[in-house]
Amino acid sequence: QVQLVESGGGLVQAGGSLRLSCAASGRTFSSYAMGWFRQAPGKEREFVSAISRSGPNTYYADSVKGRFTISRDNAKNTVYLQMNSLKPEDTAVYYCALHRNIPSIINGEYEYWGQGTQVTVSS
């Protein structure tokens, strides 16, 4: 069984930064790709970013490209999402997820999910 625990969310003004963390336990973390998704009120969950098992390959939604950076530290079983130049439209609950194989933009392909962390960006 895998447990994913997100942290680092909060309230920030537009233009500010936050770094989300997702700590994994229960499996060999380095064997799995990881992703970040978000869900705003009244909207469907959407892909934000993903990273391959050892980290050389990263993927981003167009809406966050150039502002967000995903990374991972396999020694710490943790994946990060550095979010800069935040906008009010980035307000959402952010979830990390574990993928058995390769990074994907499809949330249904992810096997395990964290409980989410709220990010609120004020204008």
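The values are calculated or read from the model by the stated rules, or taken from the named source; none is laboratory data. Keep in mind that what you see is a predicted model, and the values were worked out from it rather than measured. All Cβ positions, even for glycine, are placed from backbone atoms using ideal geometry, and neighbour counts span all protein chains on display. Only protein heavy atoms, including side chains, enter the accessible area calculation; ligands, DNA and RNA are left aside. Shrake-Rupley method; radii C 1.70, N 1.55, O 1.52, S 1.80 Å.
Of a type in the set (Gly, Ala, Ser), at pLDDT 95 or above and either closer than 15 Å to Ala24 by Cβ or crowded, with 16+ Cβ neighbours inside 10 Å (or both): is that true of Ala75 in this structure? Walk me through how you get there before you give the answer.
Details: of a type in the set (Gly, Ala, Ser): yes; at pLDDT 95 or above: no; either closer than 15 Å to Ala24 by Cβ or crowded, with 16+ Cβ neighbours inside 10 Å (or both): yes.
So Ala75 does not fit the description; no.
Test each condition in (1) under 17 Å from Gly16 (Cα atoms); (2) surrounded by 22 or more Cβ atoms within 10 Å (Cβ to Cβ) for Ser85 and report the one that comes out false.
The number of the failed condition is (2).
Given Ala40, Ala14, which one is open to solvent by 30 Å² or more (accessible area, probe 1.4 Å), touching a helix residue (DSSP H, G or I) at 6+ places or on another chain (Cβ under 9 Å) and modelled with pLDDT of 95 or more? Even if it seems obvious, please write down each step before you answer.
Details: Ala40 fails: open to solvent by 30 Å² or more (accessible area, probe 1.4 Å).
Only one candidate passes the filter, namely Ala14.
The rows are residues; the columns are (1) closer than 17 Å to Ser7 by Cα; (2) out of contact with any Gly (no Cβ under 7 Å at 6 or more places or on another chain); (3) open to solvent by 60 Å² or more (accessible area, probe 1.4 Å); (4) modelled with pLDDT under 95.
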residue	(1), (2), (3), (4)
Leu18	yes, no, no, no
Trp36	yes, yes, no, no
Gly55	no, yes, no, yes
Phe68	yes, yes, no, no
Val119	yes, no, no, no
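Given Val48, Val64, which one is more than 19 Å from Val5 (Cα to Cα) and buried (at least 22 other Cβ atoms within 10 Å of the Cβ)? Step through it out loud before you land on a result.
On the way: Val48 fails: more than 19 Å from Val5 (Cα to Cα).
It is Val64.
Can you find a residue that is among the basic types (Lys, Arg), in contact (Cβ under 8 Å) with a residue 24 or more places away in the chain and at negative phi anywhere in the range 82-97? Give the steps one after another, and end with the answer.
Going residue by residue through the range 82-97, those that are among the basic types (Lys, Arg) are 87.
From what is left, the residues that are in contact (Cβ under 8 Å) with a residue 24 or more places away in the chain are 87.
Now drop any that are not at negative phi, which leaves 87.
The answer is yes; a qualifying residue exists.
Collect the residues in the range 80-108 that are in contact with a Gly (Cβ under 9 Å, 6 or more places away or on another chain) and over 24 Å from Gly66 (Cβ atoms), keeping them in residue-number order.
Matches in the range 80-108: Leu98 only.
Considering only the range 93-109, I want to know if a residue exists there that is in contact with a helix residue (DSSP H, G or I) (Cβ under 9 Å, 6 or more places away or on another chain), closer than 23 Å to Ser17 by Cα and either surrounded by fewer than 22 Cβ atoms within 10 Å (Cβ to Cβ) or not aliphatic (A, V, I, L, M) (or both).
yes
Identify all residues within the range 1-33 that are part of a strand (DSSP E or B) and not aliphatic (A, V, I, L, M); write none if there are none. Reasoning before the result, please.
Going residue by residue through the range 1-33, those that are part of a strand (DSSP E or B) are 3-7, 10-13, 18-25, 33.
Within the range 1-33, Gln3, Glu6, Ser7, Gly10, Gln13, Arg19, Ser21, Cys22, Ser25 meet the criteria.
Only one residue in Ile70, Ile102 is within 14 Å of the chain's Cα centre (by Cα), β-branched (Val, Ile, Thr) and over 15 Å from Gly9 (Cβ atoms). Which one? Before you say what the answer is, go through the steps one by one.
Details: Ile102 fails: within 14 Å of the chain's Cα centre (by Cα).
Of Ile70, Ile102, the one residue that is within 14 Å of the chain's Cα centre (by Cα), β-branched (Val, Ile, Thr) and over 15 Å from Gly9 (Cβ atoms) is Ile70.
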